[in-house]
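Following: one structure in structure tokens, then a few remarks.
The values are calculated or read from the model by the stated rules, or taken from the named source; none is laboratory data. Worth saying up front: this structure is predicted, and the values here are computed from it rather than measured. Please note: Cβ atoms are built from the backbone with ideal geometry, for glycine as well, and neighbour counts cover all protein chains shown.
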Amino acid sequence: MSKYPASAHRLARVSIDRSTVVNVAKLARLALSEEEIDRFTSQLSAILEAVSKLNAVDTSGVGPTASILPLQDVLREDELRPGLTTEDALRNAPDRDGDYIRVQPVFE
Amino acid sequence: MKLPGTAHEAAGLLRRREVSSLELTEAYLARVGALDERIGAFLALDPDGARRAAGAADERLASGRAEALTGIPWACKDVISTQGLETTAGSRILKGYLPPFDATVAARLRAAGAVMLGKTNCDEFAMGSSNENSAYGPVHNPADLSRVPGGSSGGSAAAVASEMALFALGTDTGGSVRQPASLCGVVGLRPSYGRVSRYGVVAFSSSQDQVGPLTWDVHDCALVLNAIAGDDPLDSTTMDFSGEDFARELGQGIEGMRFGVPKEYVVTGTEPAVEAAIRSAVQEVERLGGTIEEVSLPLTDIALAVYYVISPAECSANLARYDGVRYGPRIVGTDAIETYRLTRGAGFGPEVKRRIMLGTYALSAGYYDAYYKKAQQVRTLIKKEFDAVLQRVDFLLTPTSPTVAFPLGAKTADPLAMYLSDVDTLPVNIAGLPAISLPCGLSRGLPIGLQIIGRAFDEARLLRVAYAYEQATPHHMWRPALEGARV
């Protein structure tokens, strides 16, 4: 990798600790077992260590590519088109009440 | 009945009325019944729907309104929505989900009169290289039942390779059509980004996902691409307004075309037999009139790191919708947030959780620039590097996978070892290019795949090259020796 000058913005050496894993799981709305937290702590560290190779590439002045297509905004006429019926849209709901999906309160 | 070897052969039998679509469909359903207990390729079968479609196809054939795939039995990867037929994406979190609509690709094949037999097993949410991440059990490679079929479209590749369907659809985000095609000994195409609609396809990494065919030969591959390609108002990334017939120019040869062999693609860990098979394929391409030169793509080495930032980041956003509110099983906790956490914790398998965690971390405050933005900048450079080399040469020749099919369980303990299975395929996804894998030999009875990479939206010539190679070699005639498989 010596072909690529080191980036000016190097990542600090990657280390993920248990509390980071717990916090990321909270952000991702994932309930993890103690055993999963331990396993992800070591596995995510190893994967992030591997992807930190990105630092070896000089990207100064290089723009990011989010999509390889030269697309800007794709517009269409705003016209009435057929869509799902209420029944079709609700058929898979795990808990419904008439034409509503029943959920727990979000605001007290 | 003796099963036809390919979809185009079957189409000939149907057109000449030597067999009916209903007879063909019954023969494939019977074969699935006899074999799939050992292969595990299908998650759901739709025999009644298939018989109805076959009956309609027979009427269409009789009235002379048939298209190339009318009456042909096929298998659909379970990440592709099929109206009224359970679509789980290989995940517990979508157990019992009945899509209220067809994905565009499924609707197009339905309109073409093709007969869908059922849904094929895959790695959960298309994340994996061995099909072992499915919540519904592994798939066994028809060439050796103790080995993986590859992934994530492992069920689709195995269904074709064991002749339980005449073709299948898969999806390819980092190699998920090509790598299982390679490991199972069939043809697999990843079209250009923008060629095929993803409407109704369960999203994984939206900047890289594409739907592609798995078939026995290149001619079939072209016919399936004809049926599914083209712009779709329901997927704003579709760019194909060409209306091209990808089968028309197949036989025109490759005289004068230029081929690059990137030296970086024989990475550490490439099996000698794979290297030897690719070398002999390169010689064959030269014999057929292609000119060969060695080329260099120095960023190949970094592509894996780019992929394992971009795809988890996009997956963590795409999979946020699975929360047990609108569909799928719900596990109720003390409040709404707890319900999401429990539902997701129980519904996702280990690899999907790992990637959601990785993506959430890479997108979280303070790390976004260092990971996601950095990966997207390197992506710009990878795209430029491909563009520059593909101006000098028309195509690149590489292995599809560094190895042949590996034993079940061999890589499940080490995520990074599994990720390396896609080291030859994923640079293509990062750059949005089309690439095909086709059989080019065997190593101790296990198939090896040749990957041909083309310029964006150059599938017509890509298929022409693949066809020329295939027709000059015997590899596409191979079929796995499944004991007791003849029904």
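Restricting attention to the stretch A:72-104, the residues that are more than 7 Å from chain B (Cβ to nearest Cβ) and either more than 20 Å from B:R326 (Cβ to Cβ) or assigned to a loop (DSSP other than H, G, I, E, B) (or both) add up to 14.
So which residues in the stretch B:143-173 are of a type in the set (G, A, S) and assigned to a helix (DSSP H, G or I), if there are any at all?
The first filter runs over the stretch B:143-173 and keeps only residues of a type in the set (G, A, S), leaving B:143, B:146, B:150-159, B:161-162, B:165, B:168, B:170.
Listed by number, the residues that qualify are B:G154, B:G155, B:S156, B:A157, B:A158, B:A159, B:A161.
When every residue of the stretch B:174-181 is checked against the conditions, none turns out to be closer than 20 Å to B:T82 by Cβ, charged (D, E, K, R), crowded, with 24+ Cβ neighbours inside 10 Å and out of contact with any His (no Cβ under 9 Å at 6 or more places or on another chain).
Of everything in the stretch B:127-142, what is in contact with a helix residue (DSSP H, G or I) (Cβ under 7 Å, 6 or more places away or on another chain) and either β-branched (V, I, T) or assigned to a loop (DSSP other than H, G, I, E, B) (or both)? Give them in sequence order.
Result: B:M127, B:G128, B:S129, B:S130, B:N131, B:N133, B:S134, B:A135, B:V139, B:H140, B:P142.
Could you identify the single residue in B:E26, B:E18 that is modelled with pLDDT of 95 or more and either among the aromatic types (F, W, Y) or not in a loop (DSSP other than H, G, I, E, B) (or both)? None of the others qualify; the one that does is B:E26. For the stretch B:340-363, check the following and say yes or no: at least one residue is of a type in the set (S, T, Y) and assigned to a loop (DSSP other than H, G, I, E, B). No.
Reported count of residues in the stretch B:107-122, each being without any contact (Cβ under 8 Å) to a residue 40 or more places away in the chain and of a type outside the set (A, V, I, L, M, F, W, C), is 0.
Of all residues in the stretch B:61-106, which are touching a residue at least 60 places away in the same chain (Cβ under 8 Å) and surrounded by fewer than 24 Cβ atoms within 10 Å (Cβ to Cβ)? Passing the criteria: B:E67, B:A68, B:R92, B:K95, B:G96, B:Y97, B:P99, B:F101, B:D102.
Only a single criterion out of (1) surrounded by fewer than 22 Cβ atoms within 10 Å (Cβ to Cβ); (2) outside any loop (DSSP other than H, G, I, E, B) is not satisfied by B:I448, namely (1).
Given the options B:L43, B:L24, name the one that is buried (at least 21 other Cβ atoms within 10 Å of the Cβ), over 21 Å from B:A229 (Cα atoms) and more than 24 Å from the chain's Cα centre (by Cα). Even if it seems obvious, please write down each step before you answer.
Details: B:L43 fails: more than 24 Å from the chain's Cα centre (by Cα).
Going through B:L43, B:L24 in turn, just one is buried (at least 21 other Cβ atoms within 10 Å of the Cβ), over 21 Å from B:A229 (Cα atoms) and more than 24 Å from the chain's Cα centre (by Cα): B:L24.
Considering the conditions (1) without any contact (Cβ under 8 Å) to a residue 12 or more places away in the chain; (2) more than 7 Å from chain B (Cβ to nearest Cβ); (3) in a loop (DSSP other than H, G, I, E, B), A:A31 is excluded by exactly one of them, (2).
The residues in the stretch B:332-371 that are without any contact (Cβ under 8 Å) to a residue 12 or more places away in the chain, over 16 Å from A:V22 (Cα atoms) and more than 7 Å from chain A (Cβ to nearest Cβ) can be counted, and the count is 7. Could you tell me which residue of the stretch B:65-103 is nearest to the other protein chains (Cβ to nearest Cβ), considering only residues that are over 19 Å from the mean Cα position of the chain (by Cα) and among the basic types (K, R)? Selected residue: B:K95.
Scanning the stretch B:305-322 for residues that are more than 7 Å from chain A (Cβ to nearest Cβ) and either farther than 18 Å from B:I382 by Cβ or modelled with pLDDT under 95 (or both) returns B:C315, B:A317, B:N318, B:L319, B:A320, B:R321, B:Y322.
Take the conditions β-branched (V, I, T) and part of a helix (DSSP H, G or I) and apply them to B:V105. Does it pass?
Values: β-branched (V, I, T): yes; part of a helix (DSSP H, G or I): yes.
For B:V105, the condition - β-branched (V, I, T) and part of a helix (DSSP H, G or I) - is met.
Any idea which residue in the stretch B:295-333 is surrounded by the fewest Cβ atoms within 10 Å (Cβ to Cβ), counting only those that are polar (S, T, N, Q) and outside any loop (DSSP other than H, G, I, E, B)?
Restricting attention to the stretch B:295-333, the residues satisfying the condition of being polar (S, T, N, Q) are B:296, B:300, B:311, B:316, B:318.
Checking which are outside any loop (DSSP other than H, G, I, E, B) leaves us with B:300, B:311, B:316, B:318.
Working: B:T300: 21, B:S311: 27, B:S316: 22, B:N318: 18.
Among them, the one singled out is B:N318.
Per-residue answers, yes or no, for (1) charged (D, E, K, R); (2) closer than 22 Å to B:A7 by Cβ; (3) in contact with a helix residue (DSSP H, G or I) (Cβ under 9 Å, 6 or more places away or on another chain); (4) assigned to a helix (DSSP H, G or I):
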site	(1), (2), (3), (4)
B:S205	no, no, yes, no
B:Q208	no, no, yes, no
B:L223	no, yes, yes, yes
B:T238	no, no, yes, no
B:A247	no, yes, yes, no
B:G256	no, no, no, no
B:T268	no, no, no, no
B:A273	no, no, no, yes
B:V282	no, no, no, yes
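A count restricted to the stretch B:82-102 and to residues that are closer than 26 Å to B:A11 by Cβ, touching a strand residue (DSSP E or B) at 6+ places or on another chain (Cβ under 8 Å) and in a loop (DSSP other than H, G, I, E, B) stands at 1.
What residue, of B:T398, B:T425, B:T380, is in contact with an Asp or Glu (Cβ under 6 Å, 6 or more places away or on another chain) and at negative phi? Matching residue, one of B:T398, B:T425, B:T380: B:T398.
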